[in-house]
Amino acid sequence: MAEPRVFLLSCTVQDYAWGKHGSDSEVAYLWASGDSTRQIKPDKPYAELWMGTHPKGDALIIDNRVTQKTLGQWITAHPDCLGSKVREAFQEQLPFLFKVLSVRLALSIQAHPDKALAKKLHAQFPQHYPDDNHKPEMAIALTPFRGLCGFRPISEIVGFLQAVPEFRALIGEEAALQLESSAADPCKEVEERKALQRCFTCMMQSSKKDCAEQLNLLVQRATQQVQNGGDVSYCIGDLLLTLHSQFPGDIGCFAIYFLNVVTLEPGEAMYLGANEPHAYLEGDCVECMACSDNTVRAGLTPKFIDVDTLCEMLTYITAPASAKHFTPTPISSDPYALLYNPPVPDFTVIKIEVPSTVSQYHVPPIDSASILLLVRGQASSQGLNGGLSLHPGAVVFISANESLSLNVDPSHNLLLFRACCLL
């Protein structure tokens, strides 16, 4: 009897400290649904669900007709399952890592290197940069989701330099004036980027003592203004006080004056390219990325910090927050699907919403291995690959050019996400 080419996976949960606790966490809900042996612990963080072949979380195969234990082992034994183009382009490896994130505390101010920098960092500091791959990524909100993403327009940063004296003091008068004068002349784009890099670097390299001093002054003033019913939008006071409560005295609290605050509603997405500064702040999302764990961090974290590398690697391209929203496109052949197709070859995500009035849904074949996650609703399938019963949190590996017919449970709408590589 031939081995199935479509099968269920059991996936790794990462319990990073920033994750939502207990049943507040979407990750915990998806991990425990449909498995009575999995008890959610109320005081434990459930931060990330990893779906893929990364060595830190290679998915287990839960199908006793399959001889290999993990997805990584199965792909090594059956590389044709990737699809001919993917197999050739990515050296017989699954090119993406698919995740669900549940964020309670802000993640670090960070960026991910491009391929050239990743190779260099991995060679020099393998203990901090565990592989030589780039890590572009895309987040699609499951609940209202907030993050910092990319540099604000220069006019907004200059506005904060003029409205928040502690921010200006930390950067220094000379660097602040340089940015203000470059902003006055729209023809000086190169000078503007250099001035922005200088300001950001001055802030990130300021001493812990100076940072704590200026932050305490600002937080004291904002706290008093809030208590007196005052408006603290001039210094993004609500977010400032939240971050300061999570990471007292941390330089990352000042990063909100450089970076866009982006809010996503469920189904909305943001794409984070190489060398782009960002930090997730709160909420639950589905995330897909190139298969890497390389992160350069510089604030809002107890982990290894590499300020110099971060300040050197960033693009210093500015754009308004609205430009950070990544818009999906409809798929003409499927009225229930939306395509989130970023400007990198490594991954694509398809969001599928099937109303409960539809009794059957056909997951079509594509020339790529894919991972299908069921988030809401229930479904079952029969066919050559055996019967599958799918509940929230069910994760299915679908080999290239295989399809799946789902019988939809009429009690709920179906919400699925499918990660793949469309070359």
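No lab work stands behind these numbers, since they all come straight from the coordinates. Model, not experiment: these values are computed from the prediction. All Cβ positions, glycine included, derive from the backbone under ideal geometry; neighbour counts span all protein chains shown.
Here are the numbers for the structure shown:
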| read-out | value |
| --- | --- |
| Positive-pole candidate from Gln360, Pro392, Ala2, dipole of the chain, charges at beta carbon | Ala2 |
| Residue-averaged [θ]222 nm for the chain, counting only DSSP H segments that reach four residues, each worth -39500 (n - 2.57) | -7500 deg cm²/dmol |
| Cα long-axis angle, helix 237-246 against the chain (0 to 90 degrees, to the nearest 10) | 70 degrees |
| Segments 81-91, 324-334, 22-32, 249-259 sorted - mean Cβ within 10 Å per residue, highest first | 249-259, 22-32, 81-91, 324-334 |
| Theoretical FRET efficiency, 1/(1+(r/R0)^6), r = Cβ-Cβ of Leu177 and Glu156, R0 25 Å, to 0.05 | 0.90 |
| Selection from Ala269, Phe254, Cys288 lying farthest towards where the dipole of region 248-303 points positive, charges on Cβ | Phe254 |
| Residues in region 374-415 that a label on Gln360 would reach, taking backbone N under 14 Å of a point 7 Å out along Cα→Cβ | 380-384, 404-409 |
| Options His122, Leu97, Met51, ranked by Cα towards positive dipole end of region 45-141, top entry (Cβ charges) | His122 |
| Most to least packed among 302-310, 392-400, 112-120 [average Cβ atoms within 10 Å] | 392-400, 112-120, 302-310 |
| Entries of Lys99/Lys351; Lys85/Lys324; Lys135/Lys324; Lys99/Lys135; Lys56/Lys135; Lys56/Lys303 with Cα pairs more than 20 Å apart | Lys85/Lys324 |
| Whole-number percent relative contact order across the chain, with pairs defined as alpha carbons under 8 Å at least 6 apart | 23 percent |
| Residues whose placed amide H lies under 5 Å from that of His412, excluding near-sequence neighbours | Gln378 |
| Cα shape, region 134-287, gyration tensor, a/c 1.5 rule | oblate |
| Cα long-axis angle, helix 189-204 against the chain (0 to 90 degrees, to the nearest 10) | 90 degrees |
| About the Cα centre, charge dipole magnitude for the chain (Lys/Arg +1, Asp/Glu -1 at Cβ), debye | 540 debye |
| Structure-derived Rg/Rh (Cα atoms, Kirkwood Rh): which label, when the choices are (i) 1.04; (ii) 1.21; (iii) 1.00 | (iii) |
